[in-house]
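Take a look at the structure below.
The values are calculated or read from the model by the stated rules, or taken from the named source; none is laboratory data. Because the structure is predicted, anything quoted here is derived from the model rather than measured. Every residue, glycine among them, receives a Cβ derived from its backbone with ideal geometry; neighbour counts consider all protein chains shown. The area values use the complete protein model at the heavy-atom level, side chains included, leaving out ligands, DNA and RNA. Shrake-Rupley method; radii C 1.70, N 1.55, O 1.52, S 1.80 Å.
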Amino acid sequence: MSHVSKIELEINDLETLEAACASLGLQFVRNQKTYTWYGEYMGDTPLPEDFSANDLGKCDHAVRVPGATYEVGVVRKDGKYFLLWDFWRDGGLERALGPGAGKLKQAYAVERVKREARLKGYRVQQSKSVKGIRLVLSM
């Protein structure tokens, strides 16, 4: 079964993505040209928007997830980066990254805010709270 979809996340820079991956214990692999997925498009789910069956499995970089069989592909298209993944349960990605890759989305947002805040001269303190991650910015 092929269940490849696009993770709804706008990637602006790879350094932030790499930091987000590191914060989750994932490995960002630069210049890896393929990512592991089911391996064959079966037509059982819609293709990600703006991608064809021939695009699946090909990438510019990849994210390896410990304990998962499949990987996340980081694909550059039209000057932007997109994340493609096969969320089929036996591939292990959704178990590690959460539904819709929510953990990776959150980690990317946190790293993006931290990077931008530091560029503007703020100090950043990060802590975990009952509701998730808490960032405190100060001068």
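Any idea what angle helix 102-119 forms with the longest principal axis of the chain, computed on alpha-carbon atoms, 0 to 90 degrees, nearest 10?
So the inclination is approximately 40 degrees.
Tell me, what is the percent relative contact order of the range 1-120, built from C-alpha pairs under 8 Å that lie six or more residues apart?
Over the range 1-120, the number comes to 32 percent.
Report the accessible area of residue 103, computed with a 1.4 Å probe over the heavy atoms of all protein chains in place, in Å² rounded to the nearest 10.
Spelled out: residue 103, probe radius 1.4 Å, area about 100 Å².
Taking each pair of distinct Cα atoms in the range 53-99 once, what is the resulting Kirkwood hydrodynamic radius in Å? Write down the numbers at each step before the final one.
Details: mean 1/r = 0.0898 Å⁻¹.
One over the average 1/r among Cα pairs gives 11.1 Å for the range 53-99.
Find the accessible area per residue for the chain; the probe is 1.4 Å, ligands and nucleic acids are left out, and the unit is Å².
Values: 8020 Å² over 139 residues.
Using a 1.4 Å probe on heavy atoms only, each residue of the chain averages 58 Å².
Efficiency by 1/(1 + (r/R0)^6): what FRET value for residue 136 and residue 50, r their Cβ-Cβ distance, R0 = 41 Å, to the nearest 0.05?
0.60
Quick check: from the Cα gyration tensor, does the chain come out rounded (a/c under 1.5), prolate or oblate?
Prolate is the answer for the chain, as a/c is 1.5 or above and a/b outweighs b/c.
I'd like the carbon and sulfur percentage of the solvent accessible area for the chain, probe radius 1.4 Å, heavy atoms only, ligands and nucleic acids excluded.
49 percent
Given springs between every Cα pair under 10 Å in a Gaussian network model of the chain, which of 126, 32, 106 has the largest fluctuation?
Largest GNM mean-square fluctuation: 126.
Could you rank 15, 94 by how accessible they are, 1.4 Å probe, largest area first? Intermediate results must be reported in sequence, preceding the final value.
Details: 15 95, 94 70 Å².
Result, largest first: 15, 94.
With a 1.4 Å probe and all protein chains in place, put 70, 122 in order of accessible area, largest first.
The residues order as 122, 70, largest area first.
For the chain, with only Lys/Arg (+1) and Asp/Glu (-1) charged at the beta-carbon, what is the dipole magnitude about the Cα centre, in debye rounded to 20? Don't skip to the end; give the middle numbers.
Details: 21 positive and 18 negative charges, 191 e Å.
Approximately 920 debye in magnitude.
How would 112, 95 rank on accessible area, largest to smallest, probe 1.4 Å?
Largest to smallest exposure gives the sequence 95, 112.
According to the Cα gyration tensor, what semi-axes, each the square root of 5 times an eigenvalue, does the equivalent ellipsoid of the range 75-123 have, listed from largest to smallest in whole Å?
They are 28, 16, 5 Å, listed from largest to smallest.
Positive end of the charge dipole of the chain (Lys, Arg +1 and Asp, Glu -1 on Cβ, about the Cα centre): tell me which of 107, 132, 21 has its Cα farthest that way.
Positive-most Cα among the choices belongs to 132.
Check the range 50-139 and count each lysine pair with an alpha-carbon distance under 16 angstrom, considering only pairs eight or more places apart or from different chains.
Total qualifying Lys-Lys pairs in the range 50-139 comes to 7.
Using only Cα atoms, tell me the angle between helix 14-23 and the longest principal axis of the chain; keep it within 0 to 90° and round to the nearest 10.
It is inclined by approximately 80 degrees.
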